[in-house]
Amino acid sequence: MKIATLVNQSGGLIGLHEPGNIELFECVSGLWVKLQVIPFALHQEMGIRAVRSKLEAIFAQLEDCTSILTGELKGATGAMLKDIGFSVWTATGLALDMLDEVATAKELESIEVYQKPPTKPDHEPQLVGDIRDGVYQIDLQEILKCNSGHPSRNILIPILGEKLFQRLDIFCDHMPRWMPTELERLKLCADTKTLEDGRGLQISVSHKPA
């Protein structure tokens with residue numbers, strides 16, 4: 001079994017927007033052997049197409065590995081990794097300390113010997129259509145219904161701040177009061193329309209023309 005990890009120089013797990021290395025491990029006779037180290041860094045000014053192209057080029061070097069262990073992922077990055085074809089696992093601490101747990105979880109999934117509990121709606125935006133179009137959507141109503149302890153600001157600001165979308169459709173019952181100010185700060189704009197069933201809004205966020 002092979003698992004890729006995204007780590008800093010000390011072997012600690014990091015997110016995609018932190019510079020570090022992708023390290024590929026394989027379990028050989030019960031021990032994790034490092035097979036490959038690939039330097040990794042994304043730049044803030046990179047758009048969604050540039051980010052995807054870079055991820056595809058790097059992960060193509062991992063050949064038959066389809067699992068990656070990272071630190072916290074925010075916004076659209078987790079959805080992008082999944083769309084490329086990776087199973088994504090997130091954790092904190094040292095990557096080596098977590099590899100056995102990830103391997104065990106993967107084996108349980110592959111032979112389906114357990115029943116997963118009902119899952120809460122994902123905080124990550126969901127891709128709509130071809131990823132090259134950069135259109136994502138997120139159902140804020142459903143997330144808040146199942147995760148009442150998470151303010152809308154905490155859910156949406158990481159996604160809006162990354163700007164890894166051409167358009168983000170947000171489904172909600174009203175526009176959060178903080179949103180106009182943050183959209184202006186992030187140089188984003190929004191179109192709002194009432195849903196056909198009258199039970200909420202669709203806020204379509206996009207980049208302001210240069």
Within the range 172-204, of all residues that are of a type in the set (Val, Ile, Thr) and under 15 Å from Ser152 (Cα atoms), the one surrounded by the fewest Cβ atoms within 10 Å (Cβ to Cβ) is Thr181
Of the listed residues (Thr181, Thr119), the one being closer than 30 Å to Lys193 by Cα, at pLDDT 85 or above and of a type in the set (Ser, Thr, Tyr) is Thr181
Which of the residues spanning the range 18-41 are surrounded by fewer than 18 Cβ atoms within 10 Å (Cβ to Cβ) and under 17 Å from the mean Cα position of the chain (by Cα)? Glu18, Pro19, Ala41
Being of a type in the set (S, T, N, Q) and within 17 Å of the chain's Cα centre (by Cα) is the filter here, so list the residues in the range 142-188 that pass it. Asn154, Gln166
Of the criteria (1) assigned to a helix (DSSP H, G or I); (2) at pLDDT 85 or above; (3) closer than 28 Å to Gly200 by Cα, which one Gln137 fails: (1)
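The values are calculated or read from the model by the stated rules, or taken from the named source; none is laboratory data. Please read these numbers as outputs of a predicted model, since none were measured by experiment. Here Cβ is always computed from backbone atoms with ideal geometry, including for glycine, and neighbour counts include all displayed protein chains.
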